[in-house]
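Asker: Handing you a structure now.
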Amino acid sequence: MPSINAGNDTNLCPGNSAVLLATGGINYQWENGLSQQQIYQPLSNQWLTVVGTDSLNCIASDSLYLGIFTIDSVQAMANESFCFGDSVALQAYAFAGVWWENGLQSGQWVSPNIGNTVYVVHGSDQNGCTSTDTLTLTVFSLPMVDAGNDTVVCSGNSTFLNATGAASYQWSNQSANGSQLTIFNNVDLVVIGTDIHGCQQNDSRCIS
């Protein structure tokens, strides 16, 4: 009988292929309609049997095991949201190392533009299989805070402190927004406005 060898049992990374290359005969018939020297990509763990014939028309068979590794997938940091002008350090984790697209590096600080920015990271595991993950950074715009126009009033008269453009306000003289302020001397005030995302911007007002 011919000594048919279907090849060494092999484990593959998902999406990878193996070449069906039996030896020991002159003609081969693989199961499932497969053929000799075919590049075959298994979708799950499976055994494949090949029947080989030698020059004397003697027949023997052998089986090949193709297994698929379970990937230890790369893990990017959790998605984050922050205000424009802030920054965050890119982090991801994998068994054998990670690499970010567009030349970025783990630990690198990034300050994306307003809106959603997607970062793609790849990593390899203990079997050399690679995987991909994404990180989405959402950046909120700063509020358009307006402290009001600079004002000239007579000494002893009053004016209202009424900033706009945010959800809450903190005046430098500790007055509440919308309150009335009596003026006896020149006053330079700053107001910090905070929006619903916690983003802050300031503006100033001169009252003389």
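Asker: Here are Gln29, Gln46, Gln41: which of them is within 27 Å of Cys129 (Cβ to Cβ), open to solvent by 70 Å² or more (accessible area, probe 1.4 Å) and not hydrophobic (A, V, I, L, M, F, W, C)?
Answerer: Gln41
Asker: Restricting attention to segment 156-192, and to residues there that are among the hydrophobic types (A, V, I, L, M, F, W, C) and more than 41 Å from the chain's Cα centre (by Cα), which single residue is most open to solvent (accessible area, probe 1.4 Å)?
Answerer: Filtering first and then ranking leaves Phe184.
Residue-wise test of (1) in contact with a Cys (Cβ under 8 Å, 6 or more places away or on another chain); (2) over 26 Å from Cys13 (Cα atoms); (3) not acidic (Asp, Glu).
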| residue | (1), (2), (3) |
| --- | --- |
| Asn79 | no, yes, yes |
| Ala96 | no, no, yes |
| Gly107 | no, yes, yes |
| Asn116 | no, yes, yes |
| Thr130 | yes, no, yes |
| Ala147 | no, yes, yes |
| Phe160 | no, yes, yes |
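Asker: Here's something else I'd like to know. Just checking, how many residues over segment 178-200 are over 16 Å from Pro143 (Cα atoms) and in contact with a Gly (Cβ under 9 Å, 6 or more places away or on another chain)?
Answerer: Counting residues in segment 178-200 that are over 16 Å from Pro143 (Cα atoms) and in contact with a Gly (Cβ under 9 Å, 6 or more places away or on another chain) gives 3.
Asker: Here's another thing I want to ask about it. Only one of these is buried (at least 16 other Cβ atoms within 10 Å of the Cβ), in contact (Cβ under 8 Å) with a residue 40 or more places away in the chain and under 23 Å from Phe82 (Cβ atoms): Asp195, Asp146. Name it.
Answerer: When all the criteria are applied, what remains is Asp195.
Asker: Please count how many residues of segment 125-143 are among the polar types (S, T, N, Q) and either surrounded by 13 or more Cβ atoms within 10 Å (Cβ to Cβ) or within 30 Å of Thr164 (Cβ to Cβ) (or both).
Answerer: Qualifying residue count, segment 125-143: 6.
Asker: Could you name every one of the strands (runs of 3 or more DSSP E) located completely within segment 52-124 that has at least 2 residues being open to solvent by 50 Å² or more (accessible area, probe 1.4 Å)?
Answerer: Passing ranges, in order: 59-68, 80-83, 115-124.
Asker: Okay, moving on. Would you confirm, using the coordinates I've provided, whether Gln91 is at pLDDT 95 or above and on the phi > 0 side of the Ramachandran plot?
Answerer: Judged against the criteria, Gln91 is not a match.
The values are calculated or read from the model by the stated rules, or taken from the named source; none is laboratory data. Quick caveat: nothing in here was measured; it's all calculated off a predicted structure. Reconstructed Cβ throughout: ideal geometry from the backbone, glycine too, with neighbour counts over all protein chains shown. All accessible areas refer to the heavy atoms of the entire protein, side chains included, with ligands and DNA or RNA removed. Shrake-Rupley method; radii C 1.70, N 1.55, O 1.52, S 1.80 Å.
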